[in-house]
């Protein structure tokens, strides 16, 4: 994307207008991760590639600055993504990293990592496959839970990946309204973890993408209908149906949200320079 596209995106975020889609391309997955919100909902049929083309093409280009391909494991339908990425100026594929990553133009891969090898395998599995597949042009997504929040685990994970990919984006586990997983942190616990990440960022300022202000907001912000992500990202199920209030669907507990995405957008709306620079970095052209 060019500078004009960035300006248009920031303008639409500022005005709480849609800028892109989060598309649950499939419910299917080759793992069974403890933090996956797709488990909250029953599996159903999936739209064909042609049906997705028709549906997404019906929206104006101003809604299609980026497409986030999610699931399930979206790379189980890699052939569909390859045929549909032309609909967006930029694409993100949110993957567990166990499937070899294609080389596509205008696509960034966001790979979920849950800690060091031991912790990752405890929460998700197949660490060795992920390490084999991750490339220098990827970002890793780290969803903080009660299991992977220890300072030594955070430091070990950052140290391991810092020369293997572009950066790490932290967020906190966001529960459903019926959550009994034991993975959730209280606001006070989240603040203590942000202090740890602040020290990690001091040691690795170019690798930790989040600003500390953004993570501090993740500790206490109770979203509702005013959620920037809910306003600016159109969530679609595998059947092409709209998801509300956000991409996590109707069972999400907005009062305990720890997702990094709305905090990026919230700060961009307030012309926060670190947040704007971080968003540009995530949307910048990939380098292999």
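Does residue 267 meet the test of being under 28 Å from residue 137 (Cα atoms) and surrounded by 21 or more Cβ atoms within 10 Å (Cβ to Cβ)?
Against the criterion (under 28 Å from residue 137 (Cα atoms) and surrounded by 21 or more Cβ atoms within 10 Å (Cβ to Cβ)), residue 267 qualifies.
Got a number for residues in segment 17-28 being touching a helix residue (DSSP H, G or I) at 6+ places or on another chain (Cβ under 8 Å) and buried (at least 19 other Cβ atoms within 10 Å of the Cβ)?
Final tally of qualifying residues: 8.
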For residues that are touching a helix residue (DSSP H, G or I) at 6+ places or on another chain (Cβ under 7 Å) and more than 19 Å from residue 248 (Cα to Cα), scanning just segment 63-85, find the one that is surrounded by the fewest Cβ atoms within 10 Å (Cβ to Cβ).
-> 83
Pairs only if they're at least six apart or on different chains, beta carbon under 7 angstrom, first in segment 113-140 and at negative phi and touching a residue at least 60 places away in the same chain (Cβ under 8 Å), second surrounded by fewer than 19 Cβ atoms within 10 Å (Cβ to Cβ) and assigned to a helix (DSSP H, G or I); list them, first residue then second.
-> 139/282
For segment 29-50, state whether one or more residues are in a loop (DSSP other than H, G, I, E, B), touching a helix residue (DSSP H, G or I) at 6+ places or on another chain (Cβ under 6 Å) and modelled with pLDDT of 95 or more.
-> no
If we ask which residues in segment 26-51 are farther than 24 Å from residue 177 by Cα and under 21 Å from the mean Cα position of the chain (by Cα), their number turns out to be 1
Residues located in segment 154-169, provided they are more than 11 Å from residue 207 (Cα to Cα) and surrounded by 20 or more Cβ atoms within 10 Å (Cβ to Cβ) = 154, 157
For residues that are within 23 Å of residue 84 (Cα to Cα) and surrounded by fewer than 19 Cβ atoms within 10 Å (Cβ to Cβ), scanning just segment 111-138, find the one that is modelled with the lowest pLDDT.
-> 137
Among the candidates 75, 110, single out the residue that is in a helix (DSSP H, G or I) and either touching a strand residue (DSSP E or B) at 6+ places or on another chain (Cβ under 8 Å) or free of Cβ contacts under 8 Å to residues at least 12 places away in the same chain (or both).
-> 75
Test for residue 210: is it part of a loop (DSSP other than H, G, I, E, B), on the phi < 0 side of the Ramachandran plot and buried (at least 22 other Cβ atoms within 10 Å of the Cβ) = yes
Just checking, how many residues over segment 135-169 are part of a loop (DSSP other than H, G, I, E, B) and under 30 Å from residue 105 (Cα atoms)?
-> 9
Restricting segment 1-16 to residues that are touching a helix residue (DSSP H, G or I) at 6+ places or on another chain (Cβ under 7 Å) and in a loop (DSSP other than H, G, I, E, B), the residue that is surrounded by the most Cβ atoms within 10 Å (Cβ to Cβ) | 1
Residue 248 surrounded by 17 or more Cβ atoms within 10 Å (Cβ to Cβ) and either more than 16 Å from the chain's Cα centre (by Cα) or outside any loop (DSSP other than H, G, I, E, B) (or both) | no
Please specify each residue of segment 170-198 satisfying the condition of being assigned to a loop (DSSP other than H, G, I, E, B) and surrounded by fewer than 16 Cβ atoms within 10 Å (Cβ to Cβ).
-> 177, 178, 180, 181, 182, 186
Can you find a residue in segment 93-102 that is at pLDDT 95 or above, buried (at least 19 other Cβ atoms within 10 Å of the Cβ), in a loop (DSSP other than H, G, I, E, B) and at positive phi?
-> yes
The one condition residue 262 fails out of (1) touching a helix residue (DSSP H, G or I) at 6+ places or on another chain (Cβ under 6 Å); (2) free of Cβ contacts under 8 Å to residues at least 40 places away in the same chain; (3) part of a helix (DSSP H, G or I) is (2)
Sole exception among (1) farther than 28 Å from residue 11 by Cβ; (2) assigned to a helix (DSSP H, G or I); (3) touching a strand residue (DSSP E or B) at 6+ places or on another chain (Cβ under 7 Å) for residue 215, by number | (1)
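The values are calculated or read from the model by the stated rules, or taken from the named source; none is laboratory data. Source: prediction; values computed, not measured. Every residue, glycine among them, receives a Cβ derived from its backbone with ideal geometry; neighbour counts consider all protein chains shown.
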